[in-house]
Each structure stands twice: as structure tokens, then as C-alpha cells.
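The values are calculated or read from the model by the stated rules, or taken from the named source; none is laboratory data. None of these values were measured; they are calculated from a predicted model. Note that we place each Cβ from the backbone using ideal geometry, even for glycine, and neighbour counts take in every protein chain shown.
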Amino acid sequence: MKKRSDLTEIRDLQTRYESILAEIGKVIVGQKDVIDQVLVCLFCNGHSLIIGVPGLAKTLLVNTIADILDLTFNRIQFTPDLMPADITGTHVIEEDLSTGRRNFRFLRGPIFANVILADEINRAPPKTQSALLQAMQEHTVTYGGNTHDLSLPFFVLATQNPIEQEGTYPLPEAQLDRFMFTIMIDYPGSADEIEIVRTTTSAYQVELEKVVNADKFIDFQRLVRKMPVADDIVERVVRFVSLTRPSSKAAPERIRRYVSWGAGPRASQYLILGAKARAAVDGRYSPTIGDVRSIAHPVLRHRIITNFAAEAEGIKSDDIIDELLDSL
């Protein structure tokens, strides 16, 4: 039986979510699906990979969300010469002027913030990319044998430019799997672009209001985790994800033909968790299979690895997902 306090919290979450959308709308024109997916991911305490060409306000969107949620924000520009210590921090020598003694002190890097924008993450070499792994998974940083806790909530929103691939280091599948969502951001529509040009070339200024603080947002994340989900939906999601694996006996013929590797158990976990958050922001206490369908693409598109046959025929992972959704 639903607790009255939980129902009140769900309504509060929905109200705050709508307020967040309203505040973002003061700065970002259009991109409703992208904004919705980023926020759903944040309510799940997940990380997002945002893929889009330059100039589509990816940085502005992340910075705006951090401002509205009253969270600390750091932007890390990934470059080929970026070192792990440039992200995590390093030891510096301090001298006590009264005693003359010298000691090492850990100087925290930009990773120590609530919201991290890892800009063009695929431009840094793998050693530097991996510096994010422990922080993303365990919310800690280990340096010089000492472990330092990160402030919660903690989100990494990484960006990639799909049109410049020379001199880049594609993220390995194991690291891609750390991201809950891969979000595709496209060009704005004609009407939206007209509005963008009008507002950004005028004296228009915006004052954003803080909608929630860090502690309240953590409470909302816990609330999403507590939401119940029907056993039937969990079973259907697990069967659905298993269909993406060519080794599965139930896999369709096109999966066996075009897919090298399917999605793992983390995909099932994120589909259920994301569906809970999707229901919560709509003011509902329990998710439906429609909530699962609404987040299937961002959860699965980087977890379904197509083969050379698919590439030769122009078949993308999104095409595979579209076909599989019919079975869901």
C-alpha cells in the first residue's frame, strides 16, 4: 500500500520538475526531448553522454541545470595533452614558514564538483579518460594512496562531436557502459532557431531561480529508487534486453545477422530505474511499459554493438532498437 508521505513526495517531485523545465526554458529554446532525458538521468543518479555538433548549447544546458539545482559546476576541456592529474588533482609541497617543515598537500582537481561537463571526452587518450571511471562509479578519487570522497550528488555529462574523428580516442565499450544514457542532440527547428537568434543577439538577460538544493535532490533520487515496479514489467524488460544478444536462442534473425554484442544486465537495470524516474516526473507512483519504451533508445544505443554487415547496409543501433520495441 502506498504511503501518503511518498505520494506527497511524488507530487512535490513533479512540481519541482515542471519548475526546472520552466527555468531552463528561459535560456534554452526547444530541445525538449534532450532536456527531459538529461533530467530523468539526473533523477536516477546516472551519467549521460551527449552527442551533437558544435553550437547546439550543450555546455549552456549543463551549466543552466547546475545553476537551477544550486549545484557546483566545473567544465573540463578534454585535449590530447590532458593528464589524469589535471582531472583528479595532485600533490603540492607546502612549507610551514614558522618551522620550515615541508609537507605534501592534495590540491583538488576540477572533478571535485557536483556537476562535471567533460567536453569532447574522446579527444583525450585512454589513460586520461579512465581517470573518470572511479569517480563515476564509486564517487571517490584515489591519489597517492589516499581516497577522497566527492560531494553528492555527482553527475558526469560528457560530450562528443560526431563530425570530427581524426585525432580522437573512441571510448571503449566498458567505459561507455558507465553512462546511463547516450543522448543525441540535433539541429533546432526553423521556428526555434529564429527565436535563438533573436534572444542571443539582443540585450535579453535572464535571472534563474534556484528550484531545489543538493540535499533535496538527493531525497528525490532516493524516492525514485523506492518506487515499486510490477514483476511483470521487470520480466518483460529482461526478456527484451536478452533479445539484443546474438547468442540468445530467442534473438531474432536480424540480431544474429547485424549485431556483434548485445546489451548486458546494466541495460535492464537502467531501463527499470529510468522508467521509475519517467513515471515520477509525470506524477505517477509506478512505471508502465510505456515509460520503458520512452527511454529505450538512450539506454540501449551505446550498448548494442553492430557489425560490419550492418555498417555496410547503413543499419544503426537505433534501427535495431526500433525493430525490437515491437516485441516489447
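For ARG254, are the conditions met, namely being modelled with pLDDT under 90 and under 22 Å from LYS316 (Cα atoms)?
Taking the combined requirement at face value, the residue satisfies it.
Of the residues in region 230-262, how many are of a type in the set (Gly, Ala, Ser) and surrounded by 19 or more Cβ atoms within 10 Å (Cβ to Cβ)?
1
Conditions (1) in the same structural domain as SER19 (by TED's automatic domain parsing); (2) out of contact with any Lys or Arg (no Cβ under 8 Å at 6 or more places or on another chain); (3) buried (at least 21 other Cβ atoms within 10 Å of the Cβ); (4) in contact (Cβ under 8 Å) with a residue 40 or more places away in the chain, marked per residue:
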{"residue": "GLY264", "(1), (2), (3), (4)": "no, no, no, yes"}
{"residue": "TYR270", "(1), (2), (3), (4)": "no, yes, yes, yes"}
{"residue": "ALA275", "(1), (2), (3), (4)": "no, yes, yes, yes"}
{"residue": "ALA280", "(1), (2), (3), (4)": "no, yes, yes, yes"}
{"residue": "ARG284", "(1), (2), (3), (4)": "no, yes, no, yes"}
{"residue": "ASP291", "(1), (2), (3), (4)": "no, no, yes, no"}
{"residue": "LEU325", "(1), (2), (3), (4)": "no, no, no, no"}
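Please determine, by comparing only the residues of region 14-56 that are among the small types (Gly, Ala, Ser) and closer than 21 Å to ALA296 by Cβ, which one is surrounded by the fewest Cβ atoms within 10 Å (Cβ to Cβ).
GLY52
Looking at GLU311, GLU323 in this structure, which one is at pLDDT below 90, of a type outside the set (Gly, Ala, Ser) and under 13 Å from ILE255 (Cβ atoms)?
GLU323
Scan region 61-84 and give yes if some residue there is farther than 30 Å from GLN14 by Cα, acidic (Asp, Glu), outside the structural domain of ILE272 (by TED's automatic domain parsing) and surrounded by fewer than 19 Cβ atoms within 10 Å (Cβ to Cβ), otherwise no.
Taking every residue of region 61-84 in turn, at least one turns out to be farther than 30 Å from GLN14 by Cα, acidic (Asp, Glu), outside the structural domain of ILE272 (by TED's automatic domain parsing) and surrounded by fewer than 19 Cβ atoms within 10 Å (Cβ to Cβ).
Tell me, please, whether a residue that is in contact (Cβ under 8 Å) with a residue 40 or more places away in the chain, at negative phi and loosely packed, with under 14 Cβ neighbours inside 10 Å can be found in region 177-184.
No, region 177-184 has no match at all.
Among the candidates LYS276, LYS249, single out the residue that is closer than 26 Å to ASP326 by Cβ, modelled with pLDDT under 90 and among the charged types (D, E, K, R).
Matching residue, one of LYS276, LYS249: LYS249.
Please list, ordered by first then second residue, the pairs with beta carbon atoms under 7 Å, 6 or more apart or interchain, first in region 18-36 and assigned by TED's automatic domain parsing to the domain that holds THR201, second outside any helix (DSSP H, G or I) and of a type in the set (Gly, Ala, Ser).
Note: pairs meeting the criteria are ILE28/ALA57; GLY30/GLY189.
Would you point out which residue out of THR147, THR168, THR159 is without any contact (Cβ under 8 Å) to a residue 60 or more places away in the chain and touching a strand residue (DSSP E or B) at 6+ places or on another chain (Cβ under 7 Å)?
Just a single option satisfies the conditions, and that option is THR147.
Checking SER5 against (1) over 20 Å from the mean Cα position of the chain (by Cα); (2) surrounded by fewer than 16 Cβ atoms within 10 Å (Cβ to Cβ); (3) in contact (Cβ under 8 Å) with a residue 12 or more places away in the chain; (4) not in a strand (DSSP E or B), which test does it fail?
(3)
Restricting attention to region 195-245, report how many residues are among the hydroxyl-bearing types (Ser, Thr, Tyr) and either touching a helix residue (DSSP H, G or I) at 6+ places or on another chain (Cβ under 9 Å) or at pLDDT 90 or above (or both).
Going through region 195-245 one residue at a time, the tally reaches 3.
For LEU21, all conditions in the list (1) assigned to a helix (DSSP H, G or I); (2) under 11 Å from the mean Cα position of the chain (by Cα); (3) modelled with pLDDT of 90 or more hold save one; what is the number of the exception?
Going through (1) assigned to a helix (DSSP H, G or I); (2) under 11 Å from the mean Cα position of the chain (by Cα); (3) modelled with pLDDT of 90 or more one by one, LEU21 breaks only (2).
Does region 111-138 hold any residues that are outside any helix (DSSP H, G or I) and either of a type in the set (Gly, Ala, Ser) or within 15 Å of PRO153 (Cα to Cα) (or both), and which are they?
Selection gives ILE111, PHE112, ALA113, ASN114, VAL115, ILE116, LEU117, ALA118, ALA124, SER130.
Scan region 120-157 residue by residue and report those that are aliphatic (A, V, I, L, M) and surrounded by fewer than 18 Cβ atoms within 10 Å (Cβ to Cβ).
Within region 120-157, LEU133, LEU152 meet the criteria.
When you scan region 86-107, how many residues do you find that are under 23 Å from SER130 (Cα atoms), exposed (fewer than 15 other Cβ atoms within 10 Å of the Cβ) and either touching a residue at least 40 places away in the same chain (Cβ under 8 Å) or of a type in the set (Val, Ile, Thr) (or both)?
Final tally of qualifying residues: 2.
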